[in-house]
Each structure stands twice: as C-alpha cells, then as structure tokens.
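Visitor: Sharing a structure below in structure tokens format, with a few things to ask.
Every number here is computed from the coordinates shown, using simple stated rules; none is lab data. Please read all numbers here as calculations on a predicted model, not as lab measurements. Cβ atoms come from the backbone with ideal geometry, glycine included; neighbour counts cover every protein chain shown.
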Amino acid sequence: MTDANILIAIGRLTFVFAKTVPEVPHEYVIRTKENWDDFAVLWQVITERSEPGTFTGTDGKTRRYRYFYAGDGWRYWRVGLPMLINRAKVPG
C-alpha cells in the first residue's frame, strides 16, 4: 500500500468531531458497510505501521496507544475491535 493510496482512503472517510469530550479534541470514524474498504485500509496500516505513544486524559490517567502518522497533520489510532478509528491533530 503506497502512502498516496492511504491518503486517498483517508480522504474518503467521514470523520466526526467527538463532541462528548470537547476538552480532548479529536475526531472518529465508525466502520459501516459503505466505508468498509477504506476503513479496512486505514485499520491495517495502523496495525502494521504505527508507533507507540501515550496520552494523558482529563482524569490524569496515562493510556498507551499505537499512532500512525499519515503525513497529513493528523495521527490515527485504533480503538477496540475493528469498529472505530480516532484521529487528532499532531501536537506541535
């Protein structure tokens, strides 16, 4: 999978702002029948090419995730079973 193909798949996904936790700005996409192919591409890339990182929540607890940096200003990570992918702006 080329970086260009990954970015094309990402561009076809519709991410939604996670308004239930505005203090931790991020977006998410849920797997659907309509987006399955593009979702699967991103899920697989996160699985194969991510790097470890940590996140400290508003509760003060540190969590470990594996982040994929696509080069588009966002970092992506998987949540739970293959049903949800989050993204947040790369800190900088």
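Visitor: Give, as a single signed number, the net charge of other residues whose beta carbon lies under 13 Å from the beta carbon of Phe17, with Lys and Arg counted +1 and Asp and Glu -1.
Guide: In short, +1.
Visitor: On to the next question. For the chain, give the magnitude of the charge dipole about the Cα centre (Cβ charges: +1 Lys/Arg, -1 Asp/Glu; no others), in debye to the nearest 20.
Guide: 260
Visitor: Could I ask something else about it? Say the dipole of the chain comes from +1 at the beta carbon of Lys and Arg and -1 at that of Asp and Glu; which of Val21, Trp43, Ala9 then lies farthest toward its positive end?
Guide: The residue sitting most towards the positive pole is Val21.
Visitor: Next question, about the same structure. So what is the diffusion coefficient of the chain in µm² per second by Stokes-Einstein at 20 °C and 1.002 mPa s, using a Kirkwood Rh over Cα pairs?
Guide: Rounded, D is 158 µm²/s.
Visitor: Here's a follow-up. Compute the distance in nm between two label points, each set 7 Å from the Cα along the Cα-to-Cβ direction, one at Asp37 and one at Thr62.
Guide: In this crude label model, Asp37 to Thr62 measures out at 4.2 nm.
Visitor: Rounded to the nearest 10 degrees, what's the angle between the helix 3-12 long axis and the longest principal axis of the chain, both from Cα atoms, 0 to 90?
Guide: Value to nearest ten degrees: 80.
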